[in-house]
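As structure tokens, the structure follows; a few thoughts come after it.
Every number here is computed from the coordinates shown, using simple stated rules; none is lab data. What you see is a predicted model; the values in this text were computed from it and never measured. Using ideal geometry, Cβ is built from the backbone for each residue, glycine included, and neighbour counts are taken over all protein chains shown.
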Amino acid sequence: MRWFLIISFIVASVCSGPAADFLWKAGVAQTKITPEGAYWMGGYASRTKPSEGTDLDLRAKALALQDENGARVVFVTLDLLVVTPEMSRAVLEEVKTRYGLTPANVLLNCSHTHCGPELRLYRESLHNIPKPLAVKMGDYVKWLNKRLIDLIGESLKNLRPASLFASSDKASFAINRRENRGEELVKRAEKGMLKGPIDHQVPVLRVSDTEGKTMAILFGYACHNTIMSFFKTSGDYAGYAQKFVEQKHQGAVAMFVMGAGGDQNPYPRRKQEHLALHGRALAEAVGRALKGEQTPVSSRLRAAREDAILKFQPASDRASLEKQLTENNKYRRWKARLLLGRINAGIQPSGSYDLPVQAMRLGDEILLLAVGGEVVVDYSLRFKKEFGNQKGSKPMLWFAGYSNDVSFYLPSLRVLKEGGYEGGGHMMYTQFTGPFQEDVEERTFAAIRKVVEQVSK
């Protein structure tokens, strides 16, 4: 009998693995966030009509984690184009009041699908959105904020013993869209000679319960969700990837985290079959990561958040703005009217912007950095180069863009100097003066270093 008990103990120890103590707690929640009926879609300035049906429903998902000391964080992933600063502020303030979580401990990340609702209320005039649809847009934003607050609460309520495991693999359908365009793109792709920086890493976090069943799978990739520009609701390739991962792991919640995809496009694209093609490719990368080496994540949470104070180049004066009112480009005229209206109302254009920069450290095994804006891939590559050679433990470095506030593209110095859409041209469609000053990258990395230092103690 004694030998039976000893053998049973050994077998149990082996089967349960290094995370057998289940020092983590995890809770998962999700909800559908597809607007009811026809609505105005975001992502393409050229849209001229509301949505027409659904290809794939949009979802919001939350993963709450608590370490053995009671520290908590919540990851929220959204099948949405952006997280507006107004939305982030409303949600995070109420979450702090209701659940005691500071902004540093809550991550809001959007997939940047271009086949979902427009959330930026100031764009009503940019797109000439019909009044009933503009009212509906405002009502949806209010509903969404409340739903996300409740969703975070649900994930915290669902906390139960769990184990965490880190792994990674690669996908290969993202290309640098600034370096590969038009007919040259096809020729280069055929020859395997695509140019420009990319980040193909697919980081994966698996959460399992005390019975070894997978509760949640968090995974990332750096690539625009712009396969389709039709008028149907869709989570694009990221939505399909989550769907395929959940089909493979029944009962698990799959959560996509957008990386530094500001200058990255999927290739090929523009055909509906490409949605499933790239979604399956990403899901298969996740599957390979889960079959490979799994690193148990020790139970200790640290989180920090700082603002990178970014400076805009000097704004146009009144005379220049009034001149722009006569230009042929309708978007320049819109921007001039917007800024002149604010000046006439006594509101002077701001010369700076506070961009949220957030770090979360899970044990010694994962260092996740989340930066606001449509971050170009240079930031991810520099982050991994700068912090991947630290002495001592070498955590898996995970870079998330499109987090907590997605108001503009965040160019590196290289992209800013090159110009183009990501470098500053996109500012024509925003409410900001732009473009940024040449210290934008260094100001951002100054904040990055601060939060990384805080979570590395």
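Exactly which GluC sites (Glu not before Pro) in the range 229-308 are in a DSSP loop and have at most 10 other Cβ atoms within 10 Å?
GLU293
So which lysines can LYS61 reach, going by Cα to Cα under 22 Å and dropping same-chain residues fewer than 8 places off?
Leaving aside lysines fewer than 8 places away in the same chain, those within reach of LYS61 are LYS25, LYS32, LYS96, LYS142, LYS146, LYS157, LYS213, LYS232, LYS243, LYS248.
By count of other Cβ within 10 Å, fewest leading, how are TRP143, TRP334 ordered?
Taking fewest neighbouring Cβ atoms as first place, the list is TRP143, TRP334.
So how many Å³ per residue does the convex hull of the Cα atoms of the range 323-457 work out to?
112 Å³
Of all beta bridges DSSP finds with both residues in the range 346-448, what is the antiparallel percent, to the nearest 5?
Of those bridges, close to 45 percent are antiparallel.
Show the residues, 5+ positions off or on another chain, whose built amide H is closer than 5 Å to the amide H of ILE227.
Close amide H contacts, sequence-distant or interchain: TYR237.
Distance from the Cα centre of the range 396-457 to that of the range 164-201, in angstrom?
About 21 Å separates the Cα centre of the range 396-457 from the one of the range 164-201.
I want the local charge near LYS385. Using Cβ-Cβ distances under 12 Å, sum +1 for each Lys or Arg and -1 for each Asp or Glu among the other residues.
Residues near LYS385 contribute -1 overall.
On a straight-distance basis, which lysines could pair with LYS131 in a cross-link, Cα separation under 16 angstrom, same-chain partners fewer than 8 positions away excluded?
Correct list for LYS131: LYS49.
Quick one: grab the alpha carbon gyration tensor of the range 271-389, order the square roots of its eigenvalues as a ≥ b ≥ c, and give me rounded if a/c is under 1.5, else prolate or oblate depending on whether a/b is larger than b/c. Provide the component values of the computation, followed by the final result.
Numbers: a/c = 3.73, a/b = 1.85, b/c = 2.02.
In terms of gyration-tensor shape, oblate.
What lysines could a cross-link reach from LYS335, if we take a straight Cα to Cα line under 18 Å and drop same-chain neighbours fewer than 8 places away?
LYS323
Using the alpha-carbon atoms, what tilt in degrees (0 to 90, nearest 10) does helix 131-157 show relative to the longest principal axis of the chain?
20 degrees
Per DSSP H run of n ≥ 4, the term is -39500 (n - 2.57); total these for the chain, divide by its residue number, and report the mean residue ellipticity at 222 nm rounded to 500 deg cm²/dmol. Kindly include the intermediate steps, with their values, before the conclusion.
Details: 12 runs with 158 residues, N = 457.
For the chain, the value works out to -11000 deg cm²/dmol.
Go through TYR379, GLN242, LEU63 and say which Cα lies farthest out towards the positive end of the charge dipole of the chain; charges sit on Cβ, +1 for Lys and Arg, -1 for Asp and Glu.
GLN242
When a/c is below 1.5 the answer is rounded, else prolate if a/b is larger than b/c, else oblate, so apply that to the range 210-307 with a ≥ b ≥ c taken from the square roots of the Cα gyration tensor eigenvalues.
It comes out oblate by the Cα gyration axes.
Starting from the 7 Å offset along Cα-to-Cβ, what nm value, one decimal, do you get for the label separation of SER320 and MET193?
4.1 nm
Give the dimensionless ratio obtained when the Cα radius of gyration of the range 339-416 is divided by 2.2 N^0.38 Å. Can you show the working numbers first?
Numbers: Rg = 16.9 Å, N = 78, 2.2 N^0.38 = 11.5 Å.
This ratio for the range 339-416 stands at 1.46.
Provide the percentage of antiparallel DSSP beta bridges, counting only those with both residues in the chain; round to the nearest 5.
Bridges in the chain are about 75 percent antiparallel.
Relative to the longest principal Cα axis of the chain, at what angle does helix 85-99 sit, 0 to 90 degrees, rounded to 10?
Computed tilt is about 30 degrees.
Which value, in debye to the nearest 20, gives the size of the charge dipole of the chain about its Cα centre, when Lys and Arg are +1 and Asp and Glu are -1 at the Cβ?
Charge dipole of the chain: 300 debye, to the nearest 20.
Which chymotrypsin sites (Phe, Trp or Tyr not before Pro) does the range 39-88 hold that lie in a coil by DSSP with at most 16 other beta carbons within 10 Å?
TYR44
List the residues of the range 319-334 whose backbone N lies under 16 Å from a point placed 7 Å from the Cα of SER46 along the Cα-to-Cβ direction.
Answer for this model: 330-331.
Any chance you could give the angle, 0 to 90 degrees and rounded to 10, that helix 236-248 forms with the longest Cα principal axis of the chain?
10 degrees
Out of these labelled values of Rg and Dmax of the Cα atoms in Å, (i) 27.3, 95; (ii) 22.5, 69; (iii) 22.5, 93, which was calculated from the coordinates shown here?
Computed from the coordinates, Rg and Dmax of the Cα atoms in Å corresponds to (iii).
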